[in-house]
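Single-structure report; data block below.
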Amino acid sequence: MNSLRDCLQQAQQSHRAIGHFNISDLVALKAVFAAAQELKVPVIVGLSEGEREFVGTRQIAAFVRSLRDEFEFPIFLNADHTHSLAKGLEAARAGFDSIVFDLSALPFEENIRQTKQAAEELKSINPSMLVEGEIGDIGSGSEIHKTAPDLSKGLSTPEQAKQFVESTGVDILAPAVGNMHGMLKSMIDGETKKHLHIDRIAAIKQASGALLTLHGGSGTDDHDFREAIAAGINIVHINTELRVAWRHGLDESLARQPDEVVPYKILPPVVDAVKQVAASRLRLFSD
Ligand SMILES: [Zn+2]
């Protein structure tokens, strides 16, 4: 079985990206896994600290590992947006494949100092775990925002990217390149799209030489995704789009069968709704 690092290197060589989808229940996990199986592409499921608290850190690790083993399928597990070393160590001990150690809210020098220290400690527990660091400002909360935050001042520069990767020893870098967590209502309605700074991605790739993750991918223009992947993005995070599909799928299923109480009869349409979104994104990333 290939490791996450192997799969990322293969993706990089073939100018494809691996999709990362956040989950907080079995419905979304089933949906993402089914989509990846159908398309025969590796996939990463991610859980933030809040999502891990709900599902259980060791429990989700056991579940994902059982899928990987039984189906001999490259499904990987990421500890998304981890803000403390204690939570990171918990995920490392549980056997997560990667971690996003996110101190991007701290001043740059402090982010470097603490991320370096965390990367060393995490790798001392699990040397094969990939550590991702984050710089710049892409907002927070994978939900529907009323107004767009001004993120123009938080864009990452190639100089920062190079310095951060060299100083911290992270395997993966998450820069701010026009991406944003969450979606605006107009994006849900399909009236507007997010756009990315493609030249900046290419310059950051060249300067840092690191594997790159694009966070906050939901609602991004398809063409921008393709260009971003060509410019060096290796992992794309999608969360809000799945949450919207999950909610709409559940609303519709309940409305269609108002008297049904059997979860395994109510939930399959929700799995389908989430699977469709995951599959369409995976298809685009692995074109
Ligand atoms: Zn993120």
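The values are calculated or read from the model by the stated rules, or taken from the named source; none is laboratory data. Note that the structure is predicted; figures quoted are calculated from it, not measured. All Cβ positions, even for glycine, are placed from backbone atoms using ideal geometry, and neighbour counts span all protein chains on display. The protein model used for the area step is the full one, side chains on, heavy atoms only, and it has no ligands, DNA or RNA in it. Shrake-Rupley method; radii C 1.70, N 1.55, O 1.52, S 1.80 Å.
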Excluding Gly178 itself, what net charge comes from residues whose Cβ is under 9 Å from its Cβ, given Lys and Arg +1 and Asp and Glu -1? +1
Helix 268-285 axis, angle to the chain major axis (alpha carbon atoms, nearest 10°): 30
If packing is taken as the average number of other Cβ atoms within 10 Å across a peptide's residues, how do 238-247, 193-202 rank, most packed first? 238-247, 193-202
Enter the angle in degrees (range 0 to 90, nearest 10) between the Cα long axis of helix 26-39 and the first principal axis of the Cα atoms of the chain, meaning the one along which they spread out most. 80
Which ³J(HN,Hα) values in Hz, rounded to whole numbers, follow from the phi angles of the range 70-77 under the Karplus curve 6.51 cos²θ - 1.76 cosθ + 1.60, where θ = phi - 60° and Gly and Pro get x? 5, 9, 6, 10, x, 10, 10, 10
Expressed as an acute angle from 0 to 90° and rounded to the nearest 10, what is the orientation of the C-alpha long axis of helix 198-208 relative to the principal long axis of the chain? 50
Divide, for the range 115-170, the radius of gyration over alpha carbons by 2.2 N^0.38 Å, where N is the residue count. 1.46
What whole-number value in Å² describes the accessible area per residue of the chain for a 1.4 Å probe? 46
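Can you order the peptides 94-101, 253-260 by their average number of other Cβ atoms within 10 Å per residue, highest first? All intermediate terms of the calculation are to be shown ahead of the outcome.
Values: 94-101: 24.8, 253-260: 10.5.
Ranking the peptides 94-101, 253-260 by packing returns 94-101, 253-260.
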Farthest toward positive dipole pole in the range 99-248 [+1 Lys/Arg, -1 Asp/Glu at C-beta], among Ser104, His223, Pro158: His223
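Largest first and in whole Å, give the semi-axes of the chain's equivalent ellipsoid, each being the square root of 5 times a Cα gyration tensor eigenvalue. Display every interim value, and only then the final one.
Numbers: eigenvalues 166, 98, 64 Å².
Semi-axes, largest first: 29, 22, 18 Å.
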From zero up to wherever the largest Cα-Cα distance of the range 43-134 sits, split into 5 Å bins and tell me the percent of pairs in each. 3, 15, 27, 23, 17, 9, 4, 2, 1
Placing unit charges on C-beta atoms (Lys and Arg positive, Asp and Glu negative, everything else neutral), compute the dipole magnitude of the range 1-52 about its Cα centre in debye, rounded to 20. 180
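At 1.4 Å probe size, with the rest of the protein present, what percent of the exposed accessible area of the chain is carbon and sulfur atoms? Before the final figure, lay out the partial values.
Details: 6720 of 13130 Å².
Answer for the chain: carbon and sulfur cover 51 percent of the accessible area.
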Number of Lys-Lys pairs in the chain under 25 Å by Cα, sequence gap 8 or more or different chains? 28
Ellipticity estimate at 222 nm from DSSP helix runs (n ≥ 4, -39,500 (n - 2.57)) divided over the chain, nearest 500: -16000 deg cm²/dmol
Taking the alpha-carbon centre of each part, the distance from the range 250-281 to the range 81-154 in Å is 33
Listed by chain and number, the residues whose amide H is under 5 Å from that of Thr220, excluding neighbours fewer than 5 places away on the same chain and using placed H, are Lys194
Considering amide H positions built from the backbone, and no H for Pro or chain starts, which residues 5 or more places from His145, or on another chain, come under 5 Å of its amide H? Met183, Leu184, Lys185
